[in-house]
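Structure first, then comments.
Rule-based calculations on the coordinates, nothing more; no lab input. Predicted model, so just to flag it, every value in this text is computed and none were measured.
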Amino acid sequence: MTASELEIKVEAALEEIRPYLITDGGNITLIEVKDNIVKVRLEGACVGCSVNQMTLKNGVEATIKRFAPQIEQVIEIGQN
């Protein structure tokens, strides 16, 4: 699978979870997929939310791995 194909699968996974984040006043942006590690940025109400790391692992990472099992880890990068 090429890097662009992997990015498409990861973005599809994010599209599945994004409506739930938006409902809670947040969002998520794909920053990079490299070496089977996904970097994302949580936005809006997700920033500083006390459960955002649980959401990241149990929601985002699990969904991404369902779409692209080769992904090893999802990392949140902070705001610039």
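Extents of segment 3-76, largest first, come to 30, 18, 18 Å (Cα atoms, principal axes, whole angstrom).
Taking each DSSP H run with n ≥ 4 as -39500 (n - 2.57) and averaging over every residue of the chain yields -11000 deg cm²/dmol at 222 nm. Rounded to the nearest 10 degrees, the angle from helix 3-23 to the longest Cα principal axis of the chain is 20 degrees.
Summarising the overall dimensions of segment 1-42 from its C-alpha atoms, the Rg and Dmax are 11.0, 34 angstrom.
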